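The next block holds one structure in the form of structure tokens; read it before the comments.
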Amino acid sequence: MLKVQNIIKDFGGLRVLDGVVFQVAEGAIFGLIGPNGAGKTTVFNIVSGLLQPTDGRVIFNGADITRLPPHAIAAQGISRTFQNIRIFGEMSLLENVLVGMHRLFSYSPAAMFFDLPKKRTEEKLLREKACDILSLVNLEDKADWAAKNLSYGGQRKLELARALATDPKLLLVDEPAAGMNPAETEELMDEIVQINRRGYTICVIEHDMKVIMGICGQIAVLNFGELIAEGSPEEVKRNPLVIEAYLGKEG
Amino acid sequence: MGEFLASTWYTYNTLLYTIFVNGMLALSIYLTLACGQLSLGNAAFMGMGAYTAAILTMKAGAPFGIALIAGGALPALVALIIGIPTLRLSGVYLAMATLGFGEVVRVAFLNMSITGGSLGLNGVPAKTEFWHLLLVMGILIYFFVKLKSSRFGRALEAINEDETAASVMGIRTTLFKVWAFAAGAFIAGVAGGLNAHFTFFVSPREYGFEFAVDILTFAILGGTQTFWGPIVGSTILTLLPELLRFMGPYRLALNGLILLFVVIYLPNGIVSRDTFKKKADRG
Ligand SMILES: Nc1ncnc2c1ncn2[C@@H]1O[C@H](COP(=O)(O)OP(=O)(O)O)[C@@H](O)[C@H]1O
Ligand SMILES: [Mg+2]
């Protein structure tokens with residue numbers, strides 16, 4: 001479904017990604033792991049169109065999406081969350097999800113101005129759908145809250161809901177467990193599995209290998225911008241390069 | 001009683017008309033502020049609208065309505081030309097570009113023969129009736145109410161809060177910013193046309209940098225979280241110099257102090273989102 005081909009990314013003189021190659025199969029939960037600063041978030045930024053790679057290509061369902069702007073990539077069916085939460089704090093939870101649904105709306109400015117039936121039915125239908133999406137992450141009772149008033153964990157869930165609202169084929173999740181306690185983390189991993197079962201392909205970033213071992217079918221390991229291993233969690237865990245990368249960091 | 005009303009109207013109608021025109025200008029800049037962009041070109045857009053509409057009614061005998069729409073359309077077109085290259089980039093590029101643009105326009109007004117050079121245009125026909133202002137303002141308020149609860153209003157708000165996140169949600173951020181800027185220019189142009197037809201003249205000195213900042217101040221003072229803020233802000237700032245007339249030379253100083261006070265103690269402006277919420281919902 002997603003093919004990342006030989007991505008190179010330089011920031012100034014610094015090479016942050018050096019020939020990164022991996023594939024995400026349709027229906028999978030794919031893990032992208034590596035120590036902090038390895039370049040994981042940069043990979044997501046390139047796939048979602050926020051950054052242009054210095055070289056290499058991103059292929060999604062057979063189409064080259066490398067230099068498309070973010071909104072066009074969203075339209076292809078890729079959505080994401082951010083490592084440092086980026087919800088719309090002043091807007092309500094429901095509005096956050098409705099913004100996620102932006103491309104599902106189609107009424108014209110004239111329909112807005114004259115309050116035409118097309119606008120009213122679309123707004124009504126999609127508002128109901130937005131409530132459903134909020135209930136997927138157990139936030140439906142707070143639909144009117146300003147998003148900034150949610151707890152940290154709640155904000156992470158809302159971001160997940162907003163990404164789902166775009167009706168993506170592929171969901172990129174950047175360190176969903178960051179800042180969460182073990183119980184919350186477990187609950188979140190469970191929710192990711194649930195979302196996957198609904199038919200969404202998921203690519204999840206984590207720096208702590210243990211957290212996603214249990215839920216990923218396939219894992220790629222990034223270290224200093226280079227892909228040092230790829231395979232099943234069992235294979236990756238035994239890979240000497242991976243052990244060294246993690247021990248090297250901790251030691 | 002009737003006589004009193006008539007004389008009061010005679011004394012204050014210019015002030016009342018100006019409140020409406022300034023309210024429209026405040027709304028024109030609000031549209032760009034609402035998607036996180038700063039335009040310092042709205043005074044110039046107003047001037048373009050004023051000249052365009054006045055030239056059309058004076059020299060071409062155009063109907064007032066047509067002249068007003070043309071007075072909005074020309075600045076809107078110019079806004080598209082300025083906005084498309086500058087609004088691709090986020091940040092202060094629009095502010096810089098419109099600052100330069102305002103200066104170009106001012107010099108052009110001063111030197112072109114069709115605008116009457118430094119004398120400007122005199123004897124613009126009296127066409128603006130009070131109900132015109134009410135109608136335009138009514139349409140604008142209706143528009144902003146509808147916008148707020150629509151997909152377009154949500155997109156602008158999302159862009160304002162976090163442009164990157166908005167683009168990832170599939171919103172064409174540049175497109176929205178350009179349209180908001182152009183629609184703001186249209187409103188400013190119409191306001192200029194209305195203004196010219198009750199003050200009876202168009203002067204090249206009125207639409208410079210200073211007035212661009214005044215327009216910005218209307219919006220900031222009133223608050224830019226909702227569209228009511230700019231309306232309230234412009235009304236207060238238009239009335240204040242009149243109310244403080246008794247202060248004589250200290251008038252401007254007090255005016256400045258009030259501004260300072262509001263900025264310090266009401267950082268979101270006089271009207272904020274919380275103004276419309278019940279106490280229980282706050283916090
Ligand atoms: N916009 C940027 N400009 C310059 N350097 C950057 C930028 N974004 C990331 N980097 C650098 O790229 C490296 C990889 O960062 P990142 O992709 O965020 O790592 P990870 O997500 O694996 O922790 C880091 O050294 C970081 O400092
Ligand atoms: Mg990261």
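The values are calculated or read from the model by the stated rules, or taken from the named source; none is laboratory data. These figures come from a predicted structure and were not determined experimentally. Note: ideal-geometry Cβ built from the backbone for every residue, glycine included; neighbour counts use all protein chains shown.
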Which condition number does B:Gly116 fail, the rest of (1) without any contact (Cβ under 8 Å) to a residue 24 or more places away in the chain; (2) more than 14 Å from chain A (Cβ to nearest Cβ); (3) more than 21 Å from the chain's Cα centre (by Cα) being met?
(1)
Give the residue that is nearest to the other protein chains (Cβ to nearest Cβ), with candidates limited to residues of segment A:114-130 that are surrounded by 16 or more Cβ atoms within 10 Å (Cβ to Cβ) and hydrophobic (A, V, I, L, M, F, W, C).
A:Leu126
As an exercise: evaluate A:Glu140 against (1) within 12 Å of another protein chain (Cβ to nearest Cβ); (2) more than 16 Å from ligand 2 (Cβ to nearest atom); (3) not aliphatic (A, V, I, L, M) and give the number of the one condition it does not meet.
(1)
Residues (within 16 Å of ligand 1 (Cβ to nearest atom) and farther than 16 Å from A:Val4 by Cα) located in segment A:198-235
A:Glu206, A:His207, A:Asp208, A:Met209, A:Val211, A:Ile212, A:Asn223, A:Phe224
Pick from segment A:39-61, criterion away from chain B (no Cβ under 14 Å) and within 16 Å of ligand 2 (Cβ to nearest atom), ranking: farthest from A:Ala74 (Cα to Cα):
A:Gly39
Please verify whether segment A:58-68 includes one or more residues that are under 17 Å from B:Ala166 (Cβ atoms) and either more than 17 Å from the chain's Cα centre (by Cα) or modelled with pLDDT under 95 (or both).
yes
Take the residues of segment A:23-52 that are within 14 Å of ligand 1 (Cβ to nearest atom) and part of a strand (DSSP E or B): which is surrounded by the fewest Cβ atoms within 10 Å (Cβ to Cβ)?
A:Gly31
For segment A:166-174, does any single residue satisfy the condition of being of a type in the set (Asp, Glu), crowded, with 17+ Cβ neighbours inside 10 Å, modelled with pLDDT under 95 and within 16 Å of ligand 1 (Cβ to nearest atom)?
no
On the basis of being at the interface with chain A (Cβ under 7 Å from one of its Cβ atoms) and either under 26 Å from B:Ala44 (Cα atoms) or not hydrophobic (A, V, I, L, M, F, W, C) (or both), does B:Thr199 make the cut?
no
Please list, ordered by first then second residue, the pairs with beta carbon atoms under 6 Å, 6 or more apart or interchain, first in segment A:170-183 and within 14 Å of another protein chain (Cβ to nearest Cβ), second assigned to a loop (DSSP other than H, G, I, E, B) and away from ligand 1 (no atom under 16 Å from the Cβ).
A:Leu171/A:Tyr200
The residue that is farthest from the other protein chains (Cβ to nearest Cβ), considering only those in segment A:78-110 that are surrounded by 18 or more Cβ atoms within 10 Å (Cβ to Cβ) and among the small types (Gly, Ala, Ser), is A:Ser79
Pick out the one residue from A:Asp144, A:Asp167 that is within 23 Å of A:Cys203 (Cα to Cα) and in contact (Cβ under 8 Å) with a residue 12 or more places away in the chain.
A:Asp167
Starting from residues that are of a type outside the set (Ser, Thr, Tyr) and under 13 Å from A:Thr166 (Cβ atoms), keep the ones in segment B:156-175 and report whichever is farthest from the other protein chains (Cβ to nearest Cβ).
B:Ala166
